[in-house]
Amino acid sequence: MVQSLNYLKETASQTAGPYVHIGLAPGAAGFDIYREELGRDIAGPNAGGQEITVTGTVFDGTGAPVKDVLIEVWQANAQGSYPGMGAVEEGFRGWGRVIPDFDSGVYSFRSVKPGPVMGRNTRQMAPHLNLWLVARGINIGLSTRMYFGDEEAANAKDPVLSLIENPERRNTLIARKEGDTYHFDIHLQGDGETVFFDL
Amino acid sequence: MTTGELYQRDREWHPAALTPDYKTSVLRSPRNALLSLQNSASELTGPTFGEADIDPIDNDLIRNYAQTGDPIGERIILHGRVLDENARPVPNTLVEIWQANAGGRYRHKKDSYLAPIDPNFGGCGRTLTDAEGRYVFRTVKPGAYPWRNWVNNWRPAHIHVSVFGTAFAQRLITQLYFEGDPLIAHCPILKSIPDQRAIDQLIAALDLNATVPLDSIAYKFDIVLRGARSTFFESRPEGN
């Protein structure tokens, strides 16, 4: 026998289920209960930088929209600072909750474009949004990133995108720019399956 | 922000993405391997919440949606602590819960189960942990309900729990179950977890010491988030 390490084990994940909105976005479930729902406004009223709209659809392995998904966004501000790490604008939370239209499955949200963030070993990461997806049928939340299609030079040097061996798969993390809107579809499975991370 | 990098998540402890007995997972599970990523600021930072974000009544599901009186059901206190894998408390972190009512019906426009909506029960609550990582909710015990998976599947009584921690990579959603529920042994969603010890960790214990006599019974449920390394020796700046 040896000494016990006495670490605790992380509580196991369970699916958020089809009614995740009751807990995390009750307005979408069809009722009004809280003074203020959290996660409605990612960047707040004072955020500097380029305003953006992001839209897209999450698809399952048959190409059907995942209409009951809930996506959480975590991002730096336009200067590349995360709240808690550097100075950010008053009211900049950097975090929000996004749910699609229940009929079409199309999601859309507004924010500001994040700046580049210092990564490991002083290698700068291209601007990106961190996304976390939960839904019925997803046993443990799926983590991915959205990069910006108009940041080609920065994306080419990004240390995380560089880890993806197949360049085609790298493109699953890069949103397409049309006007002021970035289009970003997420494929949980099958053709064009999005790269998900074990963080 | 955590002080150090997080311990690797034990993927053999969590359910796999693909668990065919839980049928919906079949088409919603990635087929490619997850890309392992060492932590950067994007994973080690995370949103914070404060008293200004929530109201004191938000953790009282018996009162937070009451219209004409108390909701129907077995009154329970649900309490516990949020800890990390180093057994250190996680203070000031947001804990959110949601659940069916005592009849097993959710207040959701997509739920059509024949059990009635309770006019006095919303079914969600939220609170912040205190300095020692403690949280408490008051609610009614949810009912079991049938769901479409096999022809005859019943969910054990459960409450969904969402927790943040300090790093976005600690983010966790799970479900808590109740000691003694015979449906626990038959649930394909619970059985998506391969290790019985991990299942046992999701079962809240009857806690007679925390009951309110002649009022509410109590269950205790501790939640463990990923722990962070102490930085005894920093990686070389250009290392790995």
Neighbour-limited loop hits for GluC sites (Glu not before Pro), the range B:1-75 (at most 11 other Cβ within 10 Å; DSSP other than H, G, I, E, B) = B:Glu12
note = Here the FRET efficiency for B:Glu132 versus A:Thr122, based on Cβ atoms and R0 = 35 Å and rounded to 0.05, is 0.40
message = Tell me whether chain A comes out rounded, prolate or oblate; compute the Cα gyration tensor, take square roots of the eigenvalues as a ≥ b ≥ c, and use a/c under 1.5 as the rounded threshold.
response = rounded
message = For the pair B:Asp215/B:Trp154, report the inter-label distance in nm, with labels modelled 7 Å from Cα in the Cβ direction.
response = 3.2
query = Which is the longest part of chain A that has none of the trypsin sites (Lys or Arg not before Pro) sitting in a DSSP loop with at most 15 other Cβ atoms within 10 Å?
reply = A:41-122
key: Karplus (6.51, -1.76, 1.60) ³J(HN,Hα), θ = phi - 60°, over the range B:117-129, in Hz, Gly and Pro reported as x   = 5, 9, x, 9, 10, x, x, 9, x, 7, 7, 10, 6
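Rounded to the nearest 20 debye, what is the charge dipole size of the range A:1-107 about its Cα centre when +1 sits on each Lys and Arg Cβ and -1 on each Asp and Glu Cβ? List each step's numbers first, then the result.
Values: 6 positive and 13 negative charges, 65 e Å.
In total the dipole reaches around 320 debye.
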Karplus-derived HN-Hα couplings along the range A:150-159 (A = 6.51, B = -1.76, C = 1.60, θ = phi - 60°), whole Hz, x at Gly and Pro = 8, 10, 4, 5, 5, 4, 5, 9, 5, x
inquiry  = As a test of the formula, what do you get for the protein assembly as shown when each DSSP H run with n ≥ 4 contributes -39,500 (n - 2.57) and the sum is divided by the residue count, at 222 nm and rounded to the nearest 500 deg cm²/dmol?
reply    = -1000 deg cm²/dmol
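Give the average, rounded to an integer, of partner chain Cβ atoms located within 10 angstrom of each Cβ in B:52-65.
Per residue, the average neighbour count from other chains is 2.
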remark   = Working note, the range B:155-199: Cα radius of gyration (Å, one decimal) and Dmax (Å, whole number) are 12.2, 36
query = At q = 0.11, 0.19 Å⁻¹, what log₁₀ I(q)/I(0) does a Debye calculation on the Cα points of the range B:51-175 give, no solvent, two decimals?
reply = -0.42, -1.05
task = Along each of the three principal axes of the Cα atoms of the range A:1-95, give the extent in whole Å, ordering the values from largest to smallest.
result = 59, 39, 34
remark   = When B:Cys124, B:Cys187 are arranged by how many other beta-carbons sit within 10 Å of their Cβ, fewest first, they go B:Cys187, B:Cys124
ask   = When N is the residue count of the range B:13-110, what does its C-alpha Rg come to as a fraction of 2.2 N^0.38 Å?
value = 1.52
ask   = Within the protein assembly as shown, how many Lys pairs sit with Cα atoms under 30 Å apart, leaving out pairs fewer than 8 places apart on the same chain?
value = 25
request  = Mind giving me the nanometre distance, one decimal, between the label points for A:Ala156 and B:Lys110, set 7 Å out from Cα along Cα→Cβ?
outcome  = 4.2
inquiry  = Taking the beta-carbon count within 10 Å as an exposure proxy, list B:Ile72, A:Ile186, B:Ile203 from fewest neighbours to most.
reply    = B:Ile72, B:Ile203, A:Ile186
note = For A:Tyr182, other-chain or 5+-apart residues with amide H closer than 5 Å (H placed, Pro excluded) are A:Thr53, A:Val54, A:Thr55
request  = Collect residues whose amide H, placed 1.01 Å from N in the peptide plane, falls under 5 Å from the amide H of B:Gln175; neighbours closer than 5 in sequence don't count.
outcome  = A:Gln14, B:Val161
ask   = Taking the Cα-to-Cβ direction at A:Glu178 and at B:Asn32 and moving 7 Å from each Cα, how far apart do the two end points lie in nm?
value = 2.3
ask   = If you bin the C-alpha pair distances of the range A:94-150 every 10 Å from 0, what whole percents do you get?
value = 17, 44, 29, 9, 1
query = Fewest first, what order do B:Val224, B:Val151 take by the number of other Cβ atoms within 10 Å?
reply = B:Val151, B:Val224
note = For B:Gly80, the residues 5 or more places away or on another chain with a placed amide H closer than 5 Å to its own amide H are B:Tyr135, B:Phe221
Three semi-axes of the equivalent ellipsoid, chain B, Cα gyration tensor, whole Å, largest first = 32, 24, 16
note = Whole-Hz Karplus couplings 3J(HN,Hα) for the range B:30-35, θ = phi - 60° and coefficients 6.51, -1.76, 1.60, Gly and Pro as x, run x, 9, 7, 5, 5, 8
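Rule-based calculations on the coordinates, nothing more; no lab input. Keep in mind that what you see is a predicted model, and the values were worked out from it rather than measured. Glycine gets a Cβ as well: all are built from the backbone with ideal geometry, and neighbour counts include every protein chain shown.
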